[in-house]
Amino acid sequence: MRLVPLFMLAACSDPARMVGDVPADGASVEEVPVLAHFASASPDVNTVASLFDADLSFDTAPDPTAWLAAEHAAHAALPEASGQELSVLTFNTGLLDRGYLLSRVSVPFMEERAAVMGDEVFGAGHDILFLQEVWEVEDAEALAAAGEAAGYTVIHPRERQEQRETGLVVAVRGELIGGELFSEVVQYDAQWGAENFPGPNLKRGYLHVSFDLADDDVTVHLFDTHLTPFFDKWRTRNLQVRELGLAVADVS
């Protein structure tokens, strides 16, 4: 089971992940259902690799409506699922209050929201929680304490700097975990460098957590991420999604 619930562009450090080096990069976009709508929006789009071209332009906005409708119909036609049902919450906590250079970026009502965040996110009883923008170690530790008191195993980057750069936390209801839990934080090769410097010391990545589901012969893989925002950073974001997709494809 896989759950994936966002200035200078850094070069890829792993040659196997360079655009064009993965066989699927050469596939025709028109033959990939999830991407086919891009082909009708731009004459520059032909292969999957072309979607990462820095000079890519569109004649019209790509419209995924037909694909989404087909997916909805396919899901509605599925037989009732067997096995264990899981409730999943993904939530951007917005716990950002950090100075840089002569500026400061601060989300409103930080103290008020931080004070009730643990009760709010864990009180609804979800089985798995993907949290983003928990930028400070103190907030991550406070959420971990609240989660553990509510019966959750809470995972966040072990390194203080990785927590401050990625802001990611995953929580799993303790009774679901039947074996050893694995976790790793991976920072993307593709970054918008200004977010780190002179910006507020952010560096995008994903938190990967896996464990054997209790009372079931299933290994669950969880991927929590927060991609580079801003509409004009689409290429950086696409490269990050590609890297995440390759990581998801590597697990069963």
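The values are calculated or read from the model by the stated rules, or taken from the named source; none is laboratory data. Bear in mind the structure is a predicted one, so any value in this text is a computation, not a measurement. Here the Cβ positions follow ideal geometry from the backbone for every residue, glycine too, while neighbour counts run over all protein chains shown. Quick note on the areas: whole protein, heavy atoms, side chains included, nothing else; ligands and nucleic acids left out. Shrake-Rupley method; radii C 1.70, N 1.55, O 1.52, S 1.80 Å.
Does ARG98 meet the test of being open to solvent by less than 30 Å² (accessible area, probe 1.4 Å) and either part of a loop (DSSP other than H, G, I, E, B) or basic (Lys, Arg) (or both)?
Numbers: open to solvent by less than 30 Å² (accessible area, probe 1.4 Å): yes; either part of a loop (DSSP other than H, G, I, E, B) or basic (Lys, Arg) (or both): yes.
Yes, satisfied.
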Determine, yes or no, whether GLY167 is among the small types (Gly, Ala, Ser), closer than 25 Å to LEU89 by Cα and crowded, with 18+ Cβ neighbours inside 10 Å. yes
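Residues being among the aliphatic types (A, V, I, L, M) and either at positive phi or open to solvent by 60 Å² or more (accessible area, probe 1.4 Å) (or both): count how many of those fall in the stretch 146-163. Even if it seems obvious, please write down each step before you answer.
Of the residues in the stretch 146-163, the ones among the aliphatic types (A, V, I, L, M) are 146, 149-150, 154-155.
Filter again for either at positive phi or open to solvent by 60 Å² or more (accessible area, probe 1.4 Å) (or both), leaving 149.
Qualifying residue count, the stretch 146-163: 1.
So which of ALA69, ALA54 is surrounded by fewer than 12 Cβ atoms within 10 Å (Cβ to Cβ), of a type in the set (A, V, I, L, M, F, W, C) and at pLDDT 95 or above?
Numbers: ALA54 fails: at pLDDT 95 or above.
Testing whether each residue is surrounded by fewer than 12 Cβ atoms within 10 Å (Cβ to Cβ), of a type in the set (A, V, I, L, M, F, W, C) and at pLDDT 95 or above leaves just ALA69.
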Considering each of ALA77, ALA49 in turn, give the residue that is farther than 23 Å from ARG235 by Cα and out of contact with any strand residue (DSSP E or B) (no Cβ under 9 Å at 6 or more places or on another chain). ALA77
Residue pairs meeting the criteria (Cβ under 7 Å; at least 6 apart or on separate chains; first of a type in the set (Phe, Trp, Tyr), in the stretch 23-49; second part of a loop (DSSP other than H, G, I, E, B) and open to solvent by less than 70 Å² (accessible area, probe 1.4 Å)): PHE38/VAL45; PHE38/PRO62
Looking only at residues that are modelled with pLDDT of 95 or more and in a strand (DSSP E or B) in the stretch 212-252, which one is nearest to LEU96 (Cα to Cα)? THR225
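Take the stretch 159-185 and flag every residue that is of a type in the set (A, V, I, L, M) and closer than 15 Å to PHE130 by Cβ. Let's see the steps before the verdict.
Step one: of the stretch 159-185, the residues of a type in the set (A, V, I, L, M) are 168-172, 176-177, 181, 185.
Of everything in the stretch 159-185, those that are of a type in the set (A, V, I, L, M) and closer than 15 Å to PHE130 by Cβ turn out to be LEU168, VAL169, VAL170, ALA171, VAL172, LEU176, VAL185.
Criterion first (at pLDDT below 90 and within 28 Å of VAL251 (Cβ to Cβ)) does ASP14 satisfy it?
For ASP14, the condition - at pLDDT below 90 and within 28 Å of VAL251 (Cβ to Cβ) - is met.
Give me a count of the residues in the stretch 177-205 that are outside any loop (DSSP other than H, G, I, E, B) and in contact with a strand residue (DSSP E or B) (Cβ under 6 Å, 6 or more places away or on another chain).
Let us first name the residues in the stretch 177-205 that are outside any loop (DSSP other than H, G, I, E, B), namely 177, 182-187, 192-195, 205.
Pick out the ones that are also in contact with a strand residue (DSSP E or B) (Cβ under 6 Å, 6 or more places away or on another chain) and you get 177, 182-187, 205.
Counting residues in the stretch 177-205 that are outside any loop (DSSP other than H, G, I, E, B) and in contact with a strand residue (DSSP E or B) (Cβ under 6 Å, 6 or more places away or on another chain) gives 8.
A quick yes/no check of all residues on (1) touching a Ser or Thr at 6+ places or on another chain (Cβ under 8 Å); (2) over 24 Å from ASP139 (Cα atoms):
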| site | (1), (2) |
| --- | --- |
| GLU162 | no, no |
| ASN201 | no, no |
| LEU213 | yes, yes |
| ARG235 | no, yes |
| VAL241 | no, yes |
